[in-house]
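> Let me give you the structure first, and then I'll get to my questions.
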């Protein structure tokens, strides 16, 4: 609880009764995932297990991705931030999912997916109809019409 009744009243305490997450939030997830707790005021943010706000409460949606990354979303657009809170890709892609190996899938209308690196350089042109994560540096994807291709994290694309 806070002394000011006009402030939100949700936070987290540890087993010793010490406040770990400030009581300034109107919403939060109970407990920590990967050392982080989602918090909210009007929008969502993340705090670490020491109570430090890593991502400010400015996002519509935040999710965990592999390799210590968050998917961040504003106004229906996705981007990425790392666990230190550094925004790697601003939320500006209608569709963006982490592929692994330092790459992400981005969508161009209508439902065509390609790959970019975190410098936002296109590695594979958007011509695939769905996404998946890399396994051992490669993934099998389809183009319109059902043709399958092996896409490598190097950007190499081979028809199967």
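What follows draws every value from the coordinates through simple rules; no lab data is involved. Computed from a predicted model, the values in this text were never measured in an experiment.
> Take the chain, connect every pair of alpha-carbon atoms lying under 10 Å apart with a spring to form a Gaussian network, then pick out the residue of 137, 79, 95 with the largest mean-square fluctuation.
137
> Identify which of the listed values of Cα extents along the principal axes in Å was calculated from the structure shown: (i) 64, 29, 25; (ii) 44, 27, 27; (iii) 56, 32, 29.
Evaluating Cα extents along the principal axes in Å on these atoms matches (i).
> Here's a follow-up. If you find the alpha carbon centre of the stretch 19-48 and of the stretch 103-138, how far apart are they in angstrom?
Each part's Cα centre sits 31 Å from the other's.
> Could you compute Rg(Cα) / (2.2 N^0.38 Å) for the stretch 10-91, with N its residue count?
Normalised by 2.2 N^0.38 Å, the Cα Rg of the stretch 10-91 equals 1.05.
> May I ask you to derive the relative contact order of the stretch 97-159, considering only C-alpha pairs under 8 Å and at least 6 residues apart, and to give it as an integer percent?
23 percent
> With contacts defined as alpha carbon pairs under 8 Å and 6 or more residues apart, what's the relative contact order of the chain in percent?
Over the chain, the number comes to 9 percent.
> Additional query: Choose one answer from 78, 136, 101: the residue with the largest mean-square fluctuation in a GNM of the chain with alpha-carbon springs under 10 Å.
Greatest mean-square fluctuation among the candidates belongs to 136.
> Would you mind telling me which residue in 138, 15, 52 has the biggest mean-square fluctuation in a Gaussian network model of the chain, where springs connect alpha carbons within a distance under 10 angstrom?
Checking each option, the largest mean-square fluctuation is seen for 15.
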